[in-house]
Amino acid sequence: MNNPAELVVPRVQAAIATAFGEEFRQTDPVVRPSQFADIQINAAMALAKKAGLPPRDAAARIVDALNLDGICSSVEISGPGFINLSFDGTWIEELLNAESVQAASPATAVTPAATPQRVVVDYSSPNVAKEMHVGHLRTTVVGDSLVKVLEALGDTVIRQNHIGDWGTPFGMLIEHWLEIGEDSPEAALLVEDPSAFYQAARAKFDASATDEDGFATRARLRVVALQGGDQETFAVWQRLVAQSKRYFNAIYSTLGISLTDDHIAGESSYDAHLAQLCQELEERGLARISDGALCTFPAGFTGRDGQPLPLIIRKSDGGYGYGTTDLATIRYRVRDLAANRILYVVGAPQNVHLRMVMASARDAGWLPETVEAVHVQIGNVLGEDGKILKSRSGAPVKLMALLEEAVDRARAVIDASRPELSEAERAVTARQVGIGAVKYADLSTGHDTEYVFDFDRMLALSGNTGPYVQYAAARIRSILRKAGVLEGITGDGGRPAAGAAGTPAAGTPEAEASGGPATAIAVVEPAERALALHLLEFDATLNKVRDALEPHRLCGYLFELAQLFTTFYDQCPVLKAEESVRDSRLALCALALRRLSGGLELLGIETPENM
Ligand code: ARG
């Protein structure tokens with residue numbers, strides 16, 4: 001931990017204990033940002049009430065007992081009893097130059113969580129033979145960022161891609177696939193345009209609904225065969241799912257998502273357990289028949305009519321549903337995966353369903369109190385009309401086309417602004433900026449709020465956008481390059497590429513970036529100080545993301561970092577400064593770059609070399 005505000009807390013608590021008695025040691029000092037100093041301590045007011053003292057006297061008692069030698073340069077009581085603290089410049093320098101802060105990658109620059117957890121993260125989870133929609137895009141992007149932050153803080157993360165690969169539509173899909181031929185151009189739609197494939201199967205099904213030995217009938221028999229374990233049908237189903245995985249993987253690779261086939265644990269993988277699960281719940285009196293269906297009625301859920309809401313686990317026709325699979329899933333995650341935290345990064349509309357599953361699992365003892373289960377609700381992505389984003393024709397938007405458009409638009413901007421870059425360089429930057437912009441837009445708004453998908457806004461070079469933050473990082477790269485200390489630094493978080501430009505000389509920011517000896521940063525000017533203090537908040541910010549499961553806090557941090565860097569660069573000459581100042585400022589630039597690119601990395605966003 002290297003965050004000044006957090007480091008001050010135990011000292012304030014010690015002073016409170018001295019002033020008011022040991023029983024007050026655990027008092028929250030109520031640290032807040034201050035207008036007049038670096039931070040203010042607001043605990044005196046509440047303590048004054050308890051001790052029957054005027055608040056300023058209570059503050060004075062705390063200040064008398066406070067030992068902030070070497071930490072604060074000024075301690076002042078203001079207003080009704082605020083204690084304003086200004087950190088000592090030398091202390092800030094000490095913290096900033098510590099090896100743990102200077103470390104290159106986010107994982108080594110943060111203090112691991114005190115109690116690392118085993119976290120199962122359910123995210124992305126698209127459906128076979130269906131288009132991934134923008135909602136899936138968002139759970140994919142938010143989930144992948146959460147996973148990266150948790151891992152950087154030392155948690156063991158188990159990714160689970162709960163794909164929809166089971167259920168009644170598969171009879172229809174398999175029949176259709178067999179009919180058109182697995183190698184036909186129409187079959188290729190499964191990878192290129194899954195919605196079109198699904199629609200074609202659906203249309204055939206609907207058209208033959210009344211035809212006794214037509215397609216619909218064969219489709220129904222096919223489901224029976226599939227669920228009855230028919231070998232041949234099962235093999236066809238496997239091939240069909242494999243095609244869909246190719247489609248998912250194409251999207252993941254375009255987006256730079258860390259999910260692989262190894263993380264797939266689809267609905268089908270729980271099928272063998274559903275009958276026994278229902279039987280167990282029924283026998284234990286935790287589920288009962290209602291209108292022919294077997295249901296649980298977890299406490300606290302009622303419908304509009306005020307009646308208890310059922311979670312159907314076996315339909316009246318004997319089939320199992322989404323709720324049944326999810327109960328088996330949660331049990332598996334606790335029992336077999338040994339999770340102590342389970343995150344469902346899933347669309348907000350599924351909140352009631354998931355909470356009912358969690359409640360039923362708690363009732364059954366499959367989700368003990370020691371295991372936290374959270375629905376990280378993902379808000380809808382809207383079109384400009386304020387409704388769920390659709391294409392002009394009203395069909396679901398093709399995700400791949402959307403991503404391509406983002407890259408094309410970024411390309412047009414880069415072509416115009418940086419014509420001197422090579423064709424290949426512009427292509428790389430356009431991809432990083434276009435994809436980065438889409439991801440950042442998903443990440444920077446609270447995950448549970450809706451937002452309007454707007455290319456112009458997400459690609460803007462000003463405001464809290466991906467391109468703005470990327471631009472700040474690319475600008476620092478260019479400064480370091482001009483100073484002759486960046487040769488060989490690649491896009492992987494600001495570290496030099498091995499062997500790209502020989503071994504960097506010790507003492508340069510480049511050497512520092514690879515963990516070599518660093519030029520000490522001097523913190524003198526107000527803009528340097530503001531930047532330095534913000535850099536020391538990185539750790540605390542990541543911990544907040546972990547606790548609250550809110551990647552938008554990291555976006556906010558990086559946005560502010562980019563702004564503070566811009567102010568610093570406006571006010572403090574770097575390349576033209578006299579040598580020792582120049583070296584210190586270059587080191588500060590290099591550290592800002594590492595935090596920007598390292599932070600972006602945790603959001604799953606690349607940092608362009610040139611922009
Ligand atoms: N496949 C589902 C959908 O597209 C999401 C699954 C979420 N995860 C879960 N365990 N229910 O809506």
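The values are calculated or read from the model by the stated rules, or taken from the named source; none is laboratory data. The structure presented is a predicted model; accordingly, all values stated were derived computationally and were not measured. Cβ coordinates were reconstructed from backbone atoms using ideal geometry, including for glycine residues, and neighbour counts include every protein chain displayed.
Worth pointing out:
- Positions within the range 513-535 being outside any loop (DSSP other than H, G, I, E, B), in contact with a Lys or Arg (Cβ under 8 Å, 6 or more places away or on another chain) and either modelled with pLDDT under 95 or among the aliphatic types (A, V, I, L, M) (or both), in sequence order: ALA513, LEU535
- Considering residues of the range 230-256 that are more than 16 Å from the ligand (Cβ to nearest atom) and among the aliphatic types (A, V, I, L, M) only, the residue surrounded by the most Cβ atoms within 10 Å (Cβ to Cβ): LEU240
- Scanning the range 148-169 for residues that are among the hydrophobic types (A, V, I, L, M, F, W, C), within 15 Å of the ligand (Cβ to nearest atom) and either within 30 Å of ALA441 (Cβ to Cβ) or over 32 Å from the mean Cα position of the chain (by Cα) (or both) gives ILE158, ILE163.
For every residue, the table says whether it meets (1) under 15 Å from LEU600 (Cβ atoms); (2) surrounded by 19 or more Cβ atoms within 10 Å (Cβ to Cβ); (3) at pLDDT 85 or above.
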| position | (1), (2), (3) |
| --- | --- |
| ALA412 | no, no, yes |
| SER422 | no, no, yes |
| HIS447 | no, yes, yes |
| PRO467 | yes, yes, yes |
| ARG481 | no, no, yes |
| THR508 | no, yes, no |
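- Evaluated against (1) more than 16 Å from the ligand (Cβ to nearest atom); (2) within 21 Å of ALA275 (Cβ to Cβ); (3) at pLDDT 95 or above, GLY318 falls short on exactly one condition, (3).
- Given (1) touching a residue at least 40 places away in the same chain (Cβ under 8 Å); (2) within 16 Å of the chain's Cα centre (by Cα), number of the condition GLN571 does not satisfy: (2)
- Matching residues, the range 574-605, being within 15 Å of ARG477 (Cα to Cα), of a type outside the set (A, V, I, L, M, F, W, C) and under 28 Å from the mean Cα position of the chain (by Cα): ARG594, ARG595, SER597, GLY598
- Checked against the criterion of being under 16 Å from TYR468 (Cβ atoms), assigned to a helix (DSSP H, G or I) and touching a Lys or Arg at 6+ places or on another chain (Cβ under 8 Å), the range 543-552 contains not a single residue that satisfies it.
- Number of the exception - ALA203 against (1) without any contact (Cβ under 8 Å) to a residue 24 or more places away in the chain; (2) of a type in the set (A, V, I, L, M, F, W, C); (3) more than 23 Å from PRO396 (Cβ to Cβ): (3)
- Scan the range 106-127 for residues that are part of a loop (DSSP other than H, G, I, E, B) and near the ligand (Cβ under 9 Å from one of its atoms) and the total you get is 4.
- Meets criteria (more than 16 Å from the ligand (Cβ to nearest atom), in a helix (DSSP H, G or I), buried (at least 19 other Cβ atoms within 10 Å of the Cβ) and in contact (Cβ under 8 Å) with a residue 12 or more places away in the chain) for ALA406: yes
- In summary, PRO608 fulfils each of the numbered conditions (1) within 14 Å of ALA472 (Cα to Cα); (2) part of a helix (DSSP H, G or I) with the single exception of condition (2).
- Reported count of residues in the range 560-594, each being under 18 Å from ASN464 (Cα atoms) and either surrounded by fewer than 24 Cβ atoms within 10 Å (Cβ to Cβ) or acidic (Asp, Glu) (or both), is 7.
- Breaking point among (1) of a type in the set (Lys, Arg); (2) in contact with a strand residue (DSSP E or B) (Cβ under 6 Å, 6 or more places away or on another chain); (3) away from the ligand (no atom under 16 Å from the Cβ), for ARG138: (3)
- Exactly one residue out of ALA242, ALA275 is without any contact (Cβ under 8 Å) to a residue 60 or more places away in the chain, of a type in the set (A, V, I, L, M) and more than 17 Å from ALA364 (Cβ to Cβ), and it is ALA242.
- Of all residues in the range 226-239, those that are in contact with a helix residue (DSSP H, G or I) (Cβ under 7 Å, 6 or more places away or on another chain) and touching a residue at least 12 places away in the same chain (Cβ under 8 Å) total 4.
- Failed condition for LEU367, given (1) under 27 Å from THR168 (Cα atoms); (2) within 16 Å of the ligand (Cβ to nearest atom): (1)
- Meets criteria (out of contact with any Ser or Thr (no Cβ under 8 Å at 6 or more places or on another chain), of a type outside the set (A, V, I, L, M, F, W, C) and within 14 Å of the ligand (Cβ to nearest atom)) for TYR270: no
- Residue in the range 1-37 that is nearest to ALA48 (Cα to Cα), counting only those that are acidic (Asp, Glu) and within 32 Å of the chain's Cα centre (by Cα): ASP28
- Subset tally (residues that are touching a Ser or Thr at 6+ places or on another chain (Cβ under 9 Å) and under 30 Å from GLY321 (Cβ atoms)) for the range 150-166: 8
- Within the range 2-23, being out of contact with any Leu (no Cβ under 7 Å at 6 or more places or on another chain) and surrounded by fewer than 19 Cβ atoms within 10 Å (Cβ to Cβ) holds for GLU6, LEU7, VAL9, PRO10, GLN13, ALA14, ALA17, THR18, GLY21, GLU22, GLU23.
- Taken over the range 344-402, the criterion of being touching a Leu at 6+ places or on another chain (Cβ under 7 Å), within 30 Å of LEU190 (Cα to Cα) and surrounded by fewer than 18 Cβ atoms within 10 Å (Cβ to Cβ) is satisfied by LEU382, GLY383, ILE388.
- Test for THR115: is it surrounded by fewer than 20 Cβ atoms within 10 Å (Cβ to Cβ) and closer than 23 Å to ASP336 by Cβ: yes
- Elements of the type helices (runs of 4 or more DSSP H) sitting completely within the range 128-208 and holding at least 3 residues that are in contact with a Gly (Cβ under 6 Å, 6 or more places away or on another chain): these cover 134-152.
- Residues considered: ARG341, ARG333. Of these, the only one that is in contact (Cβ under 8 Å) with a residue 12 or more places away in the chain and either within 12 Å of the ligand (Cβ to nearest atom) or crowded, with 23+ Cβ neighbours inside 10 Å (or both) is ARG333.
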